[in-house]
Amino acid sequence: MAKTPLIVVFVFMITVTCNLSGTQCRSILTSSLVSSLIAGADINVRPNADPGSPSVNVSVNVMISGVRIQDDNEEVMRLDGYLSMKWHDSRLQWEPAAYDGISQVRIPMDEIWTPDLTVYHSPDSQQKLFSEEHTIGVVYSNGDLLWVPKVTIFTYYNETKTNNGTLYQAKILIGSWVYDANALDYPQETHPTVDHTDYHGQNFIIQNSSITRQSATYPCCEEQYPRLEITLEVLKTKKD
């Protein structure tokens, strides 16, 4: 005889108690749901890890809020902003009807698997890409996730003097440190973008920006490793 999972029994008991008492129990149900999701998704194992399963497709958009020249001598530029990422994890699905219609929850992202994105060739190898300020993500009942952490990116630049001022050109490569294209990818059809509508810098004007998917191989491995190349042109205008 098949056994009923304890979490199902627990949720049923909460629901019955709420209905009988007439009290609001969504907070209790939400807590139970979040605990169940975290317990069922190993933080050390990526989604679709079974042989033959498709790669995890990550949609990435970069939002720039600040630009500054960090070091003139080393030609280092600092970018502040946000990295919007979306992906799917079937282990984080649930039936909203079983949880009083709850269709989305907030989960600490350090409790579940997240893409291990990093900046290649960063001038500061000790600088973490993701800030510790924004560690909460949104998980939807169909298993989709949205995470928008604050980021700080250091990159080298090339400098060109123009009639209008100084033009800084930077190229940033972002990708996984360990996963090849069979495990994690950034499909071009997700239309990655560089968004600077919230940029309000006074000294630097963002003139051009783009983000494209690339693929590379390395001497160690025959697999293709996808990455995102972000290009940026920033003009520092002459002072009157």
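The values are calculated or read from the model by the stated rules, or taken from the named source; none is laboratory data. Bear in mind that the values here come from a model prediction, so they are computed numbers and not experimental data. In this analysis, Cβ positions are derived from the backbone assuming ideal geometry, glycine residues included, and neighbour counts consider all displayed protein chains.
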Which residue pairs have Cβ atoms under 9 Å apart, sit 6 or more places apart or on different chains, and have a first residue in segment 183-203 that is closer than 24 Å to E223 by Cα and a second that is surrounded by 18 or more Cβ atoms within 10 Å (Cβ to Cβ) and among the aromatic types (F, W, Y)?
-> L184/W87; D185/Y179; P192/Y186
Could we say that K128 is among the basic types (K, R), at pLDDT 90 or above and under 19 Å from G175 (Cα atoms) here?
-> no
Filter segment 38-69 for residues that are buried (at least 16 other Cβ atoms within 10 Å of the Cβ) and over 19 Å from the mean Cα position of the chain (by Cα); which is modelled with the lowest pLDDT?
-> I69
3 or more residues touching a residue at least 24 places away in the same chain (Cβ under 8 Å) and under 26 Å from Q214 (Cβ atoms): qualifying strands (runs of 3 or more DSSP E) within segment 90-144 | 117-120
Please find, within segment 70-79, the residue that is farthest from K128 (Cα to Cα) out of those that are surrounded by 15 or more Cβ atoms within 10 Å (Cβ to Cβ) and out of contact with any Lys or Arg (no Cβ under 8 Å at 6 or more places or on another chain).
-> E75
Is it true that some residue in segment 81-104 is of a type in the set (G, A, S) and within 14 Å of the chain's Cα centre (by Cα)?
-> yes
Complete set of residues in segment 89-113 that are acidic (D, E) and either surrounded by fewer than 19 Cβ atoms within 10 Å (Cβ to Cβ) or touching a Cys at 6+ places or on another chain (Cβ under 6 Å) (or both) | E95, D100, D110, E111
For segment 39-86, what are the residues that are over 16 Å from W147 (Cα atoms), out of contact with any Phe, Trp or Tyr (no Cβ under 9 Å at 6 or more places or on another chain) and not acidic (D, E)?
-> A39, G40, N48, A49, P51, G52, S53, P54, N73
